[in-house]
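Visitor: Before I ask anything, here is the structure I am working with.
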Ligand code: PEP
Ligand code: MN
């Protein structure tokens, strides 16, 4: 993959949202279903001081036509009541310029762009053009597919029309293999985004990652342990009967319990802690250096074997030898306390590279011996 860099101009969260302490918490139903449902849910959520922003889908991107597609403009009026009655900031998903126009007309505080929209740069650009010169914060969810550049590109499009109050929302990625999650978290992607744009806040959406209530606590804790800046959690006063995403929504009471159960760890400790941490990190750096040298030495010998096999017209892949290596290294490694799944992946990776190098040798006609 080509190295990516970015030049985002981002205003730190604390400069535009008054969060005193702890993560930014956004909660509310997947969809606004009726005035009663929205106000009842908001009343209970307003009782949880940690929640600063009330979310609600007004236009729902559904897989098939004919399913509930959201309350539309009517829902924005209910949301206005939520804001007036409970003092919560509000956020809705916008997928096209007409949504932006209506959301602004009804005083929505923050817009969000959903995963299905972020996959399409034309749609994102159309939204960006619609908010040009407006002072409205925007949250950008990751695209459905695990493509960091597409996510970053959408954020850049919003940023380039002068919006610097931006939050990235990590909602997991579509994944073909069997997994307990509705959308695989693939934490390495938001972590890489943080590395590329350290000032960009990232809020995690455990609801759409999990797809089910019982995983919410673990995913939320993981998000905080990875220094993510907040959580967006779907909550409905009667989750079992929610029209959309019933399996993943929780009641405001359950939300309160979830939030209370979270352990907020400090990002840095005292001097003594820092000192010890630095010592351990130096040790890790040294070991990584040794690992790389050993790996390079292994590959040199592999090249020698390749030359030798070529000279003697022997095939590259020797299945029996490889099966023997796997068994032997797995047993050695597991005795040393290494996980066998991890070892299998690592050994296969090393083996693939060895085969690759030997193939190169076989293909080189005039290689020096
Ligand atoms: C949502 O937040 O309700 C939603 C539709 O999410 P996503 O775009 O992440 O699927
Ligand atoms: Mn939803």
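The values are calculated or read from the model by the stated rules, or taken from the named source; none is laboratory data. Just so it is clear, the structure is predicted and the values come from calculations on it, not from any experiment. Here Cβ is always computed from backbone atoms with ideal geometry, including for glycine, and neighbour counts include all displayed protein chains.
Visitor: Mind checking which residues of region 220-249 are away from ligand 1 (no atom under 16 Å from the Cβ) and assigned to a helix (DSSP H, G or I)?
Guide: Passing the criteria: 221, 222, 224, 225, 240, 241.
Visitor: Let me ask something else. Residues to consider are 27, 71; find the one that is assigned to a strand (DSSP E or B), within 16 Å of ligand 2 (Cβ to nearest atom), in contact (Cβ under 8 Å) with a residue 40 or more places away in the chain and in the same structural domain as residue 139 (by TED's automatic domain parsing).
Guide: 27
Visitor: Something else now. Name the residue, out of 259, 215, that is in a helix (DSSP H, G or I), more than 30 Å from residue 133 (Cα to Cα) and without any contact (Cβ under 8 Å) to a residue 40 or more places away in the chain.
Guide: Details: 259 fails: without any contact (Cβ under 8 Å) to a residue 40 or more places away in the chain.
Residue meeting the stated conditions: 215.
Visitor: Could you figure out which of (1) away from ligand 2 (no atom under 16 Å from the Cβ); (2) closer than 17 Å to residue 232 by Cβ; (3) surrounded by fewer than 20 Cβ atoms within 10 Å (Cβ to Cβ) isn't true of residue 126?
Guide: So residue 126 meets the others, but not (2).
Visitor: Still on this model: Find all pairs meeting these conditions: Cβ atoms under 9 angstrom apart; at least six residues apart or on different chains; first residue within region 238-250 and free of Cβ contacts under 8 Å to residues at least 60 places away in the same chain and over 16 Å from residue 71 (Cα atoms); second residue within 10 Å of ligand 1 (Cβ to nearest atom) and not in a loop (DSSP other than H, G, I, E, B).
Guide: 239/248; 250/207; 250/234
Visitor: Another question, if that's okay. What number of residues within region 229-238 satisfy the criterion of being surrounded by 23 or more Cβ atoms within 10 Å (Cβ to Cβ) and more than 16 Å from ligand 2 (Cβ to nearest atom)?
Guide: Qualifying residue count, region 229-238: 1.
Visitor: Quick check: anything in region 103-116 surrounded by fewer than 17 Cβ atoms within 10 Å (Cβ to Cβ) and within 16 Å of ligand 2 (Cβ to nearest atom)?
Guide: Yes, the conditions are met somewhere in region 103-116.
Visitor: For residue 165, all conditions in the list (1) crowded, with 18+ Cβ neighbours inside 10 Å; (2) within 16 Å of ligand 2 (Cβ to nearest atom) hold save one; what is the number of the exception?
Guide: With (1) crowded, with 18+ Cβ neighbours inside 10 Å; (2) within 16 Å of ligand 2 (Cβ to nearest atom) applied to residue 165, the lone miss is (2).
Visitor: Take residue 216 and tell me if it is in the same structural domain as residue 131 (by TED's automatic domain parsing) and within 16 Å of ligand 1 (Cβ to nearest atom). I'd like the intermediate steps shown before the answer.
Guide: Values: in the same structural domain as residue 131 (by TED's automatic domain parsing): yes; within 16 Å of ligand 1 (Cβ to nearest atom): yes.
Here the answer is yes, as residue 216 does meet what is asked.
Visitor: Working only within region 185-200, note down all residues that are assigned to a loop (DSSP other than H, G, I, E, B) and either under 16 Å from residue 156 (Cβ atoms) or outside the structural domain of residue 24 (by TED's automatic domain parsing) (or both).
Guide: 197, 198, 199, 200
Matching residues to (1) assigned to a loop (DSSP other than H, G, I, E, B); (2) free of Cβ contacts under 8 Å to residues at least 40 places away in the same chain; (3) under 23 Å from residue 360 (Cα atoms):
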residue	(1), (2), (3)
296	no, yes, yes
302	no, no, yes
310	no, no, yes
313	yes, yes, yes
325	no, yes, yes
330	no, yes, no
333	no, yes, no
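Visitor: Sticking with this one: State all residues of region 44-66 that are under 13 Å from residue 89 (Cα atoms), touching a helix residue (DSSP H, G or I) at 6+ places or on another chain (Cβ under 9 Å) and more than 15 Å from ligand 1 (Cβ to nearest atom); if no residue qualifies, say none.
Guide: Passing the criteria: 45, 46, 50, 51.
Visitor: So which of 241, 208 is under 30 Å from residue 15 (Cα atoms), at pLDDT 95 or above and within 16 Å of ligand 2 (Cβ to nearest atom)?
Guide: Numbers: 241 fails: under 30 Å from residue 15 (Cα atoms).
Exactly one residue qualifies, and that residue is 208.
Visitor: I need every pair where a residue in region 1-22 that is closer than 15 Å to residue 201 by Cα has its Cβ under 8 Å from the Cβ of a residue that is exposed (fewer than 13 other Cβ atoms within 10 Å of the Cβ) and modelled with pLDDT of 85 or more, sequence separation at least 6 or different chains.
Guide: Note: pairs meeting the criteria are 22/264.
Visitor: Let me ask something additional. Find all pairs meeting these conditions: Cβ atoms under 6 angstrom apart; at least six residues apart or on different chains; first residue within region 113-140 and within 23 Å of residue 230 (Cα to Cα); second residue in a helix (DSSP H, G or I).
Guide: Qualifying pairs under 6 Å: 117/123; 118/154; 138/158; 140/154; 140/155.
Visitor: Please enumerate the residues belonging to region 74-91 that are touching a strand residue (DSSP E or B) at 6+ places or on another chain (Cβ under 7 Å) and not in a helix (DSSP H, G or I).
Guide: 88, 89, 90, 91
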